[in-house]
Amino acid sequence: MPRKQPRPAQRARAIQRQAGGKYTALLRHTTAAMTAATPPVAGDGTVAKSPAHDLARALHAAGAVDAAAELEAALAWGAECDRLDQTFEAAEQQRYAAYDNGLARTHCARVEAAAREAGDALMDFVDGDYHRHSRTELHAAAQAMALVAGGRAAPALARQAARVIAQFEDDAESAADAIRGDHAVLLPPLDGPDTMPATAARAVAVALQEAAAIPWRGDEEWTACAELLAKTFRLIRSSAVLWGAGAASLLQIRLGRKRPAPTGDLLGRTVIGWHPGMTETEAWEAGRGIWRLNAARALARDEVQIIAPDQTVLAVARITGITRHGDRHALQGRLLSGDARVSKPTPTPHPSRNPIAYR
């Protein structure tokens with residue numbers, strides 16, 4: 001082993017000491033995470049946001065090295081699970097193709113053995129702990145909130161944690177399974193300043209800690225955990241403004257007048273633009289693409305606000321990713337139906353003729 005290892009190797013060894021795991025797999029993912037200049041791109045061209053990686057870096061900066069290392073280990077574990085799952089899926093497809101095409105029995109036996117080996121590798125790696133990735137992200141978010149509640153970190157850390165928690169709002173059932181059971185959330189002391197940011201962070205940390213303490217038994221316990229998580233989601237939405245310089249960072253898109261969509265519209269639309277009486281869903285589909293925009297700046301925003309030519313808010317969505325279409329992009333996100341800002345004039349009027357504005 002070289003005396004002076006590269007930083008990704010040092011990080012991989014630190015994670016291995018902290019949480020175990022295969023060094024070569026950890027090294028592959030720490031190298032990718034620490035040398036990537038752009039967000040990861042999936043096979044379908046989607047660029048995904050990774051608030052959990054941002055939270056890990058923020059925890060390191062706040063001095064919560066153990067919590068950051070545990071989160072990084074879980075993220076590397078999750079990435080390795082994804083790789084093994086893709087390998088298994090590819091082996092299964094080869095197996096189906098071999099049988100469907102009537103290939104020789106010996107060949108079918110070989111691809112079946114390969115598929116079985118890939119499946120066994122995935123199951124051995126997971127080792128029955130299917131929720132490790134999600135559970136660790138929620139625990140890390142609770143740790144970050146506790147640091148802010150205790151006055152040991154700036155409110156911006158709670159903002160990073162809130163982004164991680166918000167990922168689970170669309171899949172609260174799975175989150176309730178992931179967080180509860182035999183893995184208690186161990187938090188530092190929550191006594192600290194009585195400021196509004198700290199108080200809000202304290203409430204979120206306590207809710208997550210209580211959710212994790214619910215035993216894994218039946219539907220009644222699951223319901224209680226899901227209710228606590230629903231409370232947590234409401235808390236982070238109502239407290240977002242307390243953990244930053246202003247409201248959630250915003251990408252603003254102003255629609256033009258209604259007109260036919262270009263031939264072969266990649267989002268499958270027949271018309272684009274604004275028309276009177278359009279619904280939030282229609283506004284989101286009209287506004288999410290396809291635009292010339294700065295992908296990195298767009299991904300750094302929490303939300304997108306679609307507005308009409310008269311500056312009225314038509315829809316608000318939480319940004320979850322971006323899909324590339326040549327030199328243009330389309331947003332992916334979760335529409336925040338019924339948001340209080342809809343149907344009201346935007347407090348940040350669009351400053352120019354450009355349809356895109358970064359707030």
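Let's see how each residue does on (1) open to solvent by less than 40 Å² (accessible area, probe 1.4 Å); (2) over 13 Å from Ile165 (Cα atoms); (3) more than 21 Å from the chain's Cα centre (by Cα):
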residue: Arg202; (1), (2), (3): no, yes, yes
residue: Ala207; (1), (2), (3): yes, no, no
residue: Glu210; (1), (2), (3): no, yes, yes
residue: Ile214; (1), (2), (3): yes, yes, yes
residue: Arg217; (1), (2), (3): no, yes, yes
residue: Trp222; (1), (2), (3): no, yes, yes
residue: Arg234; (1), (2), (3): no, no, no
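Looking for something among the hydrophobic types (A, V, I, L, M, F, W, C) and exposed (fewer than 15 other Cβ atoms within 10 Å of the Cβ) - is there at least one such residue anywhere in region 184-195?
Step one: filter region 184-195 for residues among the hydrophobic types (A, V, I, L, M, F, W, C), giving 184-187, 190.
Now drop any that are not exposed (fewer than 15 other Cβ atoms within 10 Å of the Cβ), which leaves 184, 186.
Within region 184-195, one or more residues are among the hydrophobic types (A, V, I, L, M, F, W, C) and exposed (fewer than 15 other Cβ atoms within 10 Å of the Cβ).
Quick check on my filter: what residues within region 236-283 are out of contact with any helix residue (DSSP H, G or I) (no Cβ under 6 Å at 6 or more places or on another chain) and part of a strand (DSSP E or B)?
Within region 236-283, Leu250, Gln252, Arg254, Arg257, Arg259, Pro260, Val271, Trp274 meet the criteria.
Given the conditions (1) more than 22 Å from Pro260 (Cα to Cα); (2) over 22 Å from the mean Cα position of the chain (by Cα); (3) surrounded by fewer than 16 Cβ atoms within 10 Å (Cβ to Cβ); (4) of a type outside the set (A, V, I, L, M), which single one is not true for Tyr358?
Evaluating Tyr358 over (1) more than 22 Å from Pro260 (Cα to Cα); (2) over 22 Å from the mean Cα position of the chain (by Cα); (3) surrounded by fewer than 16 Cβ atoms within 10 Å (Cβ to Cβ); (4) of a type outside the set (A, V, I, L, M) leaves (2) as the failure.
Determine whether region 83-97 contains at least one residue that is surrounded by fewer than 17 Cβ atoms within 10 Å (Cβ to Cβ), at pLDDT below 85, not hydroxyl-bearing (Ser, Thr, Tyr) and not in a helix (DSSP H, G or I).
Scanning region 83-97, I find no residue that is surrounded by fewer than 17 Cβ atoms within 10 Å (Cβ to Cβ), at pLDDT below 85, not hydroxyl-bearing (Ser, Thr, Tyr) and not in a helix (DSSP H, G or I), so the answer is no.
Would you call Arg163 part of a helix (DSSP H, G or I), open to solvent by 60 Å² or more (accessible area, probe 1.4 Å) and not acidic (Asp, Glu)? First the steps, then the outcome.
Working: part of a helix (DSSP H, G or I): yes; open to solvent by 60 Å² or more (accessible area, probe 1.4 Å): yes; not acidic (Asp, Glu): yes.
Yes: the conditions hold for Arg163.
Out of all the residues in region 263-275, is one or more modelled with pLDDT under 90, loosely packed, with under 14 Cβ neighbours inside 10 Å and under 22 Å from the mean Cα position of the chain (by Cα)?
Checked region 263-275: no residue is modelled with pLDDT under 90, loosely packed, with under 14 Cβ neighbours inside 10 Å and under 22 Å from the mean Cα position of the chain (by Cα).
Say whether the condition of being surrounded by 13 or more Cβ atoms within 10 Å (Cβ to Cβ), part of a helix (DSSP H, G or I) and touching a residue at least 60 places away in the same chain (Cβ under 8 Å) is met by at least one residue in region 99-119.
no
Is it the case that some residue within region 208-217 is closer than 23 Å to Asp66 by Cα and touching a Gly at 6+ places or on another chain (Cβ under 9 Å)? Can you show your working first?
The first filter runs over region 208-217 and keeps only residues closer than 23 Å to Asp66 by Cα, leaving 208-213.
Narrowing further to those that are touching a Gly at 6+ places or on another chain (Cβ under 9 Å): 212.
The answer is yes, given that some residue of region 208-217 is closer than 23 Å to Asp66 by Cα and touching a Gly at 6+ places or on another chain (Cβ under 9 Å).
Return yes or no: is Ile290 modelled with pLDDT of 90 or more, within 30 Å of Phe168 (Cα to Cα) and hydrophobic (A, V, I, L, M, F, W, C)? Reasoning before the result, please.
Working: modelled with pLDDT of 90 or more: no; within 30 Å of Phe168 (Cα to Cα): yes; hydrophobic (A, V, I, L, M, F, W, C): yes.
It is false that Ile290 is modelled with pLDDT of 90 or more, within 30 Å of Phe168 (Cα to Cα) and hydrophobic (A, V, I, L, M, F, W, C).
Which residue, of Asp129, Asp177, Asp194, is closer than 24 Å to Gly78 by Cβ, acidic (Asp, Glu) and not in a helix (DSSP H, G or I)?
Working: Asp177 fails: not in a helix (DSSP H, G or I); Asp194 fails: closer than 24 Å to Gly78 by Cβ.
That would be Asp129, the only listed residue that is closer than 24 Å to Gly78 by Cβ, acidic (Asp, Glu) and not in a helix (DSSP H, G or I).
Between Ala315, Ala330, Ala308, Ala357, which is of a type in the set (Gly, Ala, Ser), under 18 Å from Ser249 (Cβ atoms) and modelled with pLDDT of 85 or more?
Details: Ala330 fails: under 18 Å from Ser249 (Cβ atoms); Ala308 fails: under 18 Å from Ser249 (Cβ atoms); Ala357 fails: modelled with pLDDT of 85 or more.
The conditions single out Ala315.
Does region 249-262 hold any residues that are surrounded by fewer than 21 Cβ atoms within 10 Å (Cβ to Cβ) and under 20 Å from Thr320 (Cα atoms), and which are they? Walk me through how you get there before you give the answer.
Quick first cut of region 249-262, residues surrounded by fewer than 21 Cβ atoms within 10 Å (Cβ to Cβ) only: 249-250, 255-262.
Once the filter is applied, which keeps residues that are surrounded by fewer than 21 Cβ atoms within 10 Å (Cβ to Cβ) and under 20 Å from Thr320 (Cα atoms), region 249-262 yields Ser249, Leu250.
The values are calculated or read from the model by the stated rules, or taken from the named source; none is laboratory data. Because the structure is predicted, anything quoted here is derived from the model rather than measured. Don't worry about glycine lacking a Cβ; one is built from the backbone with ideal geometry, like all the others, and counts go over all protein chains shown. Areas reflect the complete protein model, heavy atoms only, side chains present, ligands, DNA and RNA absent. Shrake-Rupley method; radii C 1.70, N 1.55, O 1.52, S 1.80 Å.
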